[in-house]
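Encoded as structure tokens, the structure appears first; notes follow it.
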Amino acid sequence: MGSEADQKKIINSIFTKAAEGSRIIKDAEPLRPDYVPPKLLFRDEQITAVAQIVAPILRKQRCSNVLLYGKTGTGKTATARLVLNELRLKAQEFKIPVCLCYTNCRLAGTEYRVVLDLAESVGVKIPFTGLSLGEAYSRVAAQISDNNLNFLVVLDEIDYLAKNSTGNLLYELTRSHEKLTPGGISLIGISNDLRFKEMLDPRVLSSLGEEEMVFPPYSVEELRLILKERVKLAFNDGCITEGAVNLCAALAGSEHGDARRAVDLLRVSAEVAEREGKARVEEHHIKIALQKMEQDRLIEALRVLPLQAKLILLSVIKSEDSSSTGSIYQTYLRLSSRVGVETLTARRVSGILSELDMQGLISANVLSKGRYGRSKRVSLLVSKHLVLDVLTQDPIIAAVI
DNA sequence: CCTCCACAGGAAGCGCAGGAGT
DNA sequence: ACTCCTGCGCTTCCTGTGGAGG
């Protein structure tokens, strides 16, 4: 513990840095992943279509259910939120009672918590635990029909609801307009997963998919203009070069046309430049930021690997060149007995090697050596030092490195 | 051409944890 | 509080297979 004066000095210097710190960023908000820009570029067609679909709400009618499809960062959520905001304003202007709800199913986590969100929007108090899902839902439904509410719900990441639960809630929601004679529920579903339809109950699908809309990825040129807009809002004038913005768009666009990643890259680049004490983001900052983001992703992927997968990855490293499934398994047997973990069968280890292959951490190709059998040839695809670094953080693994 | 190595990878079933229904 | 159900990680058992060497 330092003296009172020391403490004040430290606090003072932190605050001074914070106050004058951002010479580059004037407003971080437009760089946040969930930011909805006032004008959404290159989505006129989708915005128009969604607006037309939900418009009947203002005539106190139920509107068609819609499914919005598209990969991450293609503007689905932003489109939905933008239309929802405008709808709310219009309803206020004409004093039309509407009830709107936006909820993210993945963040909510369970069907029950999605229902809690719905309950809050229609103004019912529901205990956050204690009720069965059915009871909670019927209270929401009762409120809707008692007050003749016209309820529009946006279910973001709806695929999560279909994958990680019984799907009862979706079934109830899609059926509701048959049951609720006064009032009604209209749905906008948003999904990143294009195969989401296949795992849906056909009855739910036919109701939910009354209208469908696909959001294409942004082109590099579109990303470039989107980024320029964000730069205007978030950066101080002249704090980023034209070339840097272009590079940012090109790098993000060459992957999947993911605007969210492109904006992320922009934000991290600004942090990189700021940490270097520069007043302007240049192309090399973008490159550093990209590397940093990729490395962070890799570290995270390694960190959350199950113990057995970590041991197997370590076995791949330790068996070096003779990396056939057999020799890796022998190494694995040695390692796992040394750390005192129960050993898996060769079949399972082979499966885990395939999983690591799919994650892009190793490459495993089947190779036939004729008389000498047929096996996977395995090699590490990422930096050995980085892997060892991360694995050492696991106390159990650290014992054998 | 046939054999046979050293596995690949599918199918079925088991035990367990966690979540839903009662 | 209790059963029932489901999904998951895993094992067991199995059939399939490319090609060097006979």
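Just so it is clear, none of the values below were taken in a lab; they were calculated from the coordinates. What you see is a predicted model, and the numbers here were worked out from it, not measured in a lab. Backbone-built Cβ (ideal geometry, glycine too); neighbour counts: all protein chains shown.
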Total charge dipole magnitude, region A:226-301, about the Cα centre, Cβ charges on Lys, Arg, Asp, Glu only, Debye to nearest 20 = 120 debye
ask   = Between the helical axis of A:44-54 and the dominant principal axis of chain A, each derived from Cα atoms, what acute angle in degrees is found, rounded to the nearest 10?
value = 50 degrees
inquiry  = Can you tell me which of A:GLU283, A:GLU135, A:GLU342 moves the most in a GNM of chain A? Springs connect C-alpha atoms under 10 Å apart.
reply    = A:GLU342
message = If the elastic network links every pair of Cα atoms under 10 Å, which of A:SER337, A:SER191, A:SER315 fluctuates the most in the Gaussian network model of chain A?
response = A:SER337
query = For region A:226-301, rounded, prolate or oblate, judged on the Cα gyration tensor with a ≥ b ≥ c (square roots of eigenvalues), a/c < 1.5 rounded, else prolate if a/b > b/c?
reply = oblate
key: Estimated FRET transfer efficiency (A:LEU89, A:ARG297; beta-carbon r; R0 25 Å; 0.05)   = 0.05
query = Which value in deg cm²/dmol, rounded to the nearest 500, describes the helix-derived mean residue ellipticity at 222 nm for chain A, given -39,500 (n - 2.57) per DSSP H run of n ≥ 4 and division by the residue count?
reply = -17500 deg cm²/dmol
ask   = Angle, helix A:242-255 long axis vs. longest principal axis of chain A, Cα atoms, 0 to 90°, nearest 10?
value = 80 degrees
key: Relative contact order of chain A, pairs being alpha-carbon contacts under 8 Å that are 6 or more residues apart, as %   = 16 percent
Dipole magnitude of region A:44-215 about its Cα centre (Cβ charges: Lys, Arg +1; Asp, Glu -1), debye to nearest 20 = 300 debye
query = From the residues A:GLY326, A:LEU388, A:SER354, which one has its Cα farthest along the dipole of region A:305-398 in the positive direction, the dipole being from +1 and -1 charges on Cβ of Lys/Arg and Asp/Glu about the Cα centre?
reply = A:GLY326
query = To the nearest 20 debye, what is the magnitude of the charge dipole of region A:196-354 about its Cα centre, counting +1 on the Cβ of each Lys and Arg and -1 on the Cβ of each Asp and Glu?
reply = 820 debye
query = With a ≥ b ≥ c the root eigenvalues of the C-alpha gyration tensor of chain A, is it rounded (a/c under 1.5), prolate (a/b larger than b/c) or oblate?
reply = oblate
note = Looking only at lysines whose Cα falls under 20 Å of A:LYS376's and that sit 8 or more positions away or on another chain, we get A:LYS310, A:LYS318, A:LYS384
query = Which residue fluctuates the most in chain A, going by a Gaussian network model with Cα springs under 10 Å, if the choices are A:VAL272, A:VAL154, A:VAL366?
reply = A:VAL366
request  = Using +1 at the Cβ of each Lys and Arg and -1 at the Cβ of each Asp and Glu in region A:226-301, identify which of A:GLY253, A:VAL272, A:ASN236 lies farthest towards the dipole's positive end.
outcome  = A:ASN236
key: Whole-angstrom gap from region A:328-371 to region A:233-294, using each part's C-alpha centre   = 39 Å
inquiry  = Under the rule that an exposed site lies in a DSSP loop and has at most 12 other Cβ atoms within 10 Å, name the longest stretch of chain A with no trypsin sites (Lys or Arg not before Pro) of that kind, not counting the sites themselves.
reply    = A:196-368
remark   = The longest stretch of chain A containing none of the chymotrypsin sites (Phe, Trp or Tyr not before Pro) that sit in a DSSP loop with at most 12 other Cβ atoms within 10 Å is A:129-401
note = Note on region A:44-215: contact order normalised by length, alpha-carbon pairs under 8 Å, 6 or more apart, percent, works out to 35 percent
note = XL table A:LYS60/A:LYS197; A:LYS228/A:LYS287; A:LYS9/A:LYS292; A:LYS71/A:LYS228; Cα-Cα > 27 Å flagged, in table order, is A:LYS60/A:LYS197; A:LYS9/A:LYS292
key: Acute angle (nearest 10 degrees) that the helix A:259-275 long axis makes with the longest principal axis of chain A, alpha-carbon atoms   = 60 degrees
